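The values are calculated or read from the model by the stated rules, or taken from the named source; none is laboratory data. Being a predicted model, the structure only gives us computed values, none of them experimental. Reconstructed Cβ throughout: ideal geometry from the backbone, glycine too, with neighbour counts over all protein chains shown. What goes into the accessible areas is simple: the full protein's heavy atoms, side chains included, and nothing from ligands, DNA or RNA. Shrake-Rupley method; radii C 1.70, N 1.55, O 1.52, S 1.80 Å.
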Amino acid sequence: MSSVNLNANAPSGPIETTWSEHKKKIKLVAPANKRKHTVIVVGTGLAGGAAAASLGELGYNVLNFCIQDSPRRAHSVAAQGGINAAKNYQNDGDSVWRLFHDTVKGGDFRAREANVYRLAEVSNSIIDQCAAQGVPFGREYGGTLANRSFGGAQVSRTFYARGQTGQQLLLGAYSSLMRQVDAGTVKLFPRREMLDLVVIDGKARGIVCRNLVTGEVEKYAADAVILATGGYSTVFFLSTNAVNCNATAAWRCHKR
Ligand SMILES: Cc1cc2nc3c(=O)[nH]c(=O)nc-3n(C[C@H](O)[C@H](O)[C@H](O)COP(=O)(O)OP(=O)(O)OC[C@H]3O[C@@H](n4cnc5c(N)ncnc54)[C@H](O)[C@@H]3O)c2cc1C
């Protein structure tokens with residue numbers, strides 16, 4: 001892929017303020033109007049499952065696709081070691097900046113830096129959200145959340161649920177997702193393989209996919225498309241026109 005195709009569409013400006021400034025200026029959708037908008041989310045792993053559940057909770061009409069027969073079978077289930085957050089519980093010098101820096105370094109400097117900074121910024125809220133979803137994180141005897149130093153990190157910032165963090169996180173995301181399915185805001189489309197993205201006037205407006213049960217090719221339209229397909233495929237090529245969301249960056253940091 002040539003670099004010409006790589007446009008992250010990330011807001012410009014100093015990296016520490018890029019997203020907070022952007023968030024101040026983006027247009028909002030009135031609560032009563034959210035149900036009039038359809039969002040396609042491709043993927044039901046930690047990224048897609050959480051995105052679909054959150055958008056459904058906000059009131060959008062969400063169509064959520066995955067290849068497997070159940071959202072719970074996404075590859076996120078394989079994650080083991082834990083999830084990073086700059087809580088600095090140990091007071092060992094951690095910060096959003098250090099988590100950002102370690103993650104970019106752990107990703108061999110290939111990640112989109114503005115997006116990694118955002119990930120580091122929201123890392124603490126992610127842990128809080130997961131704990132609220134009932135994820136059984138390891139705890140100290142006093143009841144506070146435990147964490148450990150993982151990979152090449154110089155600080156203790158990895159929150160874990162024994163050796164099955166991904167599975168427990170996915171069960172948490174899945175519970176939120178199924179709550180929205182029950183509420184009617186999210187419609188699930190398992191056993192569908194996305195084949196192509198529909199782009200109209202430079203904006204992602206739908207997908208074409210194969211129904212893996214019947215073999216038929218189906219099309220779905222939406223106001224926006226989120227690709228949360230795990231990240232390790234040529235689907236990144238499509239992502240110049242769609243929001244691309246994956247949970248991989250944090251792990252690359254652990255691998256060091
Ligand atoms: C063995 C192992 C250990 C790991 N340990 C850790 C760890 O300790 N800490 C950590 O932070 N990370 C870890 N990771 C990495 C982490 O698991 C992943 O980065 C993360 O789970 C990816 O989540 P995701 O939602 O982006 O993608 P996934 O969970 O892979 O979900 C992708 C989704 O997209 C769907 N999909 C893909 N292509 C299509 C298509 N064409 N059409 C329709 N649907 C499609 C799939 O069906 C699935 O639902 C580990 C990974 C592995 C393999």
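Give the relative contact order (percent, whole number) for segment 31-255; include only Cα pairs under 8 Å separated by 6+ residues.
29
Show me 44-50, 56-62 ranked by packing, highest mean number of other Cβ atoms within 10 Å first.
Details: 44-50: 28.4, 56-62: 20.6.
The densest-packed peptide leads the list: 44-50, 56-62.
At HIS37 and TRP97, where each label point lies 7 Å from the Cα along Cα→Cβ, what is the point-to-point distance in nanometres? Simple spin-label model gives 3.4 nm for this pair.
Hey, what's the chain come to in accessible area per residue, 1.4 Å probe, Å²?
Values: 14000 Å² over 256 residues.
Here the residues of the chain average 55 Å² of exposed surface.
Rounded to the nearest 10 square angstrom, ASP108 shows an accessible area of 80 square angstrom against a 1.4 Å probe.
The gain in end-to-end length when the VAL208 to GLN90 segment is fully stretched comes to 37.7 nm, 0.36 nm per residue minus the alpha carbon separation.
Given segment 1-143, what count of lysine pairs have C-alpha atoms under 23 Å apart, with each pair 8 or more places apart or on different chains?
Working: LYS23/LYS34; LYS23/LYS36; LYS23/LYS87; LYS24/LYS34; LYS25/LYS34; LYS25/LYS36; LYS27/LYS36; LYS87/LYS105.
Counting lysine pairs in segment 1-143 gives 8.
Extension gain, ALA131-LYS25: 0.36 nm per intervening residue step, less the Cα-Cα distance, totals 35.1 nm. Distant-in-sequence amide contacts of ALA161, defined by a placed amide H-H separation under 5 Å and a gap of 5 or more residues or a different chain, comprise GLY138. Taking every protein chain into account, the 1.4 Å probe leaves GLU140 with about 90 Å² of accessible area, to the nearest ten. What's log10 of I(q)/I(0) for the chain at q = 0.08, 0.09, 0.10, 0.13 Å⁻¹, Debye sum over Cα points only, no solvent? Here the Debye-derived log intensity ratios amount to -0.32, -0.41, -0.51, -0.88.
Ranked by the mean number of other Cβ atoms within 10 Å per residue, highest first, peptides 143-156, 78-91 order as 78-91, 143-156.
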